[in-house]
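One structure is given below, encoded as structure tokens.
Every number here is computed from the coordinates shown, using simple stated rules; none is lab data. In this text the structure is predicted, and so the values were computed from the model without any measurement. Here the Cβ positions follow ideal geometry from the backbone for every residue, glycine too, while neighbour counts run over all protein chains shown.
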Amino acid sequence: MKILIKNGRVIDPATNTDSQIDVLIEGSRISRLAKKINIKSHDKPIIIDAKDLVVCPGLIDIHCHLREPGYEYKETIRTGTFSAVKGGFTSVVCMANTDPVNDNKSVTEFIVRKAKEEGFCRVLPCGSVTKGLKGEELSEIGEMVTAGIVAISDDGKPVKNAAIMRRALEYIKAFSIPLISHCEEPDLSTGCVNEGIFSLLAGLEGNPPIAEELMVMRDITIARYVNSKIHITHVSTEGSVRIIREEKEKFDKVTCDTCPHYFMLTDESILSFDANFKVNPPLRTKKDVEAIKEALKEGVIDIIATDHAPHEMTSKDVEFAIASSGISGFETAFSLSLSLFHDGILDLKDLIKKMTINPAKLINVPYGVLSEGKVADLIVFDPYKEWVVNKDEFVSKGKNTPFHGWKLKGKNLITIVGGKLVYKDPDFILEK
Amino acid sequence: MDWRRKDLLEIRELSREEILLVLDTAESFKEVSKRDIKKVPTLRGKTIITLFFEPSTRTRTSFEIAAKRLSADTINISATTSSVVKGETLKDTALNLESMQPDVIVIRHSLAGAPHILSKILNSSVINAGDGSHEHPTQALLDLFTIREKKGKIENLKVVIVGDIAHSRVARSNIFCLKKFGNEVVCCGPPSMIPPYLDTLGVRVEYKLESALKDADVIMALRIQKERGGVSFIPSLKEYATFYGLKKEHISLAKDDVIIMHPGPMNRGVEITDEVADGPYSVILDQVENGVAVRMAILYLLLGREQ
Amino acid sequence: MDKILILGKKALERVVNRICYEILERNQGCHNLSLIGIRTRGVHIAARIKERIKAIENVDVPLGVLDITMYRDDIFKLKFPKVRKTEIPFNVNNIVVVLVDDVIHTGRTTRAAIDAIMDIGRPKKIQLAVIVDRNERELPIHPDYTGILYRVSTGEEVLVRLKEVDGVDEVIVTRSS
């Protein structure tokens, strides 16, 4: 099988490429990159005319929830990965809060096998830090690494016990994987929205920004002390950004990510009591949003993740305080992130970097690069195509999005995973 | 001024004109309660459901009497007797009730925003009778009605709200309401019960009761919300009573014609002493009486709204 | 819009005077008599009647104000009827109540007013005084005291205009052409 992508603008931050190059894919790998590639028609190649479009490495999401095993009514590996490739993701790191929790190799093996059978993209599991996400005993991290995990995290249930956190950070050094930390001090985070003017107006219990910042500080301090790789996920506050900026100067094993909703939405939206705006950590203030954008620009924030958290509507269509947290994010994340480009905050190369090679480096995988001989995980997108988000057209089981009805600019059109065309936008005609 | 709203969800979204219309309409309805035959046929054939997910005697009775005096039929549903305990969602409960064609659903719920969920999916009018720590709009309206009745005005007054501001929907609704009319609002309570950013509402915060009460026209004592975890914010009810309980000697700090209000039910000896609650400055029972007139007005306005 | 004057200031005054005498005649004076004006203009006419009776008999007849909005049978068909205050500062039991209105047309307002009075108490009699009878009844109700009878044609409207409300005393008919 051959695929030829012609006339596209190839942007690959890993190789510092940005020029009009044809890309030839043979089998699972990229075989040639050249100004003009002609192939014989008896090869029966798929030819993609990418004129006016951008070709880049497939996006890598280091934070999503595929819900399988245990919550197949929210999402499955099949529907989740289909949603991922529609959104331009070719590798996704799925969090461990499944049922059973991914805290041992049998669950990891199950996910890996299921993904191989049914997945549309690469599924790279994340193991839990502690057994059952209980924060008490370390999971069998080493065995899980052998089975295929690329990181550990107790996402959603931050490790409260600092001694356990220390042990985990020490232990992972043997396996060269990062610890992805969801930072929220649990006792200060009993609310459901950001503590601020809008929590006051809505009478909803707030989580103060310091709940996040205290734990960001704690986790980085511990990681620095034991010299281990810490990644702070979904950074949402100005204070966290400031702490990470300062810590990065002292310590080179700290990285972080944020998600589109933390630079697209503010806590003002909670006044609608629409639980689609409920996320963990909560949406913050305008000032925080500005700080997040600035940090993306400066490079303090290395990665943009989705925190794709699909839910059945029954758990969202309820009173705000008892609704589930999260956004079904795969199908909007890239387009939302492209607004950073349209608003002049990031150029395309920087943006793509935060969604390809930077996440690849964090979890130490050979993807996120578009060069000869590399695995052919890539996407073709139109940075300017305008479209309207319609949750009913989501292929994810999770229709929970606060972006329904939003008009966005920029859309993924083609997704290729391991040399296979796994997604094509219905409106896109391969060869014009 | 016409009433156009389908629902009464919060005071914050109401204009001054809308609030005054409720007050004026309530004046007209107050007379009905003073008659021998306390009933007018205005809402004959209308059905009003009170859907209470939290125990309440006063508010529910007040709504029920208001509806009955207007000749509407009322049905009361409590969380304990409804299918909510069987795990039905609020949305399903509401849709099931709406299938029976009520005209108004009055809802009280322990979680903020529950009435807003109903208002989005129902054709019936929705009245918020208190949602979590968010709002209690009819309480603020009846409080303002009582202030107007006793003070002859609702502007340029110094109103001191004492107690657990953070968890009080009554405080929120009253702050929004009183600030719309340019009153000086002082909130006083233990700092752990004063929510952050309260000053952004144009409210002054005082931690010392004695200095807060100086020259007050109106004092509102709030109920300590034991059921909303209010107690964990203070060392003990006894200590609260020592520092923030409204006592007889406090009255002299306020203006001579001060009025004392309380949304009820009172924890006597905690936020208010018997002497104050039953004393000459207390208008607590007037508040209850006016509650019926104000709720009659609201039912009338919502059902008579311009479509 | 055509406008025809039916009663001028002086003529209206005479009509009110006559109604006063009729009321006094029918009730043999003003013992146990009360007046209740129906909002808006009935209130002012009732006040004038009270004033005339005071001049004639030197007696202060009790005067009440009735807002019938709560009793309307078309309440939800109207464009937002505003409820105003009913103020009847006397006991209506066992006395004669003269309801006063500006115009009687279908009789529905009077029906509502009678219901409203009956909810307040049990008068000995209820009588009705109007300035204009349009004579197009939908209910079996007839005024006891009538200023003038005017049968309107299609497109016509009778208006009683009073100094207190409209700045002028007159009864006119408007005709939309």
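Side notes on the structure shown:
- Listed by chain and number, the aspartates and glutamates whose alpha-carbon sits under 14 Å from that of A:Lys248, ignoring those within fewer than 8 places in the same chain, are A:Asp219, A:Asp257, A:Glu298, A:Asp302.
- Averaging the Cα positions of each part gives two centres, and for segment A:309-371 and segment C:1-45 these lie 80 Å apart.
- Considering only A:Asn161, A:Asn276, A:Asn364, the Gaussian network model of chain A with Cα springs below 10 Å gives its largest mean-square fluctuation to A:Asn161.
- Relative intensity, log₁₀ I(q)/I(0), of chain C from a Debye sum that treats every alpha carbon as a point, q = 0.09, 0.12, 0.17 Å⁻¹: -0.30, -0.54, -1.11
- Estimated translational diffusion coefficient (Stokes-Einstein, Kirkwood radius over Cα pairs, 10 °C, 1.306 mPa s) of segment B:137-284: 106 µm² per second.
- Per residue of A:191-203, other chain Cβ atoms within 10 Å of the residue Cβ number 5 on average.
- Ordering of A:234-247, A:18-31, A:182-195 by burial proxy (mean other Cβ atoms within 10 Å per residue, highest first): A:234-247, A:182-195, A:18-31
- Average Cα contact separation per residue, segment B:137-284, under 8 Å, 6 or more apart, as relative contact order %: 23
- Centre-to-centre separation between the Cα atoms of segment A:273-294 and those of segment C:49-72: 65 Å.
- Pairs beyond 31 Å (Cα-Cα), from A:Lys74/A:Lys134; A:Lys51/A:Lys286; B:Lys91/C:Lys85; A:Lys250/A:Lys411; A:Lys316/B:Lys226: A:Lys51/A:Lys286; B:Lys91/C:Lys85; A:Lys250/A:Lys411
- Judged by the mean number of other Cβ atoms found within 10 Å, the most tightly packed of the peptides B:52-61, C:125-134, A:75-84 leads the ranking A:75-84, C:125-134, B:52-61.
- Pairwise Cα distances in chain B exceed 32 Å for 25 percent of all pairs.
- Across chain C, the relative contact order, built from alpha-carbon pairs under 8 Å that are at least six residues apart, equals 26 percent.
- Per-residue shielding of C:81-87, expressed as the average number of other chain Cβ atoms within 10 Å of the residue Cβ, stands at 6.
- Cα-based reach from C:Lys10 at 16 Å (exclusive), listing lysines while leaving out same-chain residues under 8 positions away: C:Lys163
- Structure-based [θ]222 nm, chain A - -39500 (n - 2.57) summed over DSSP H runs of at least 4, per residue, nearest 500: -8500 deg cm²/dmol
- Listed residues C:Val96, C:Pro143, C:Asn32: farthest to the positive end of the dipole of segment C:10-155 (Cβ charges): C:Pro143
- Counting only other chain Cβ atoms within 10 Å of each residue's Cβ, the peptide B:123-135 averages 2.
- Kyte-Doolittle mean at least 1.6, axial Cα span of 20 Å or more - DSSP H helices of chain B: none
- Magnitude of the charge dipole for chain B, about its Cα centre and with charges confined to Cβ atoms of Lys, Arg (+1) and Asp, Glu (-1), is about 440 debye.
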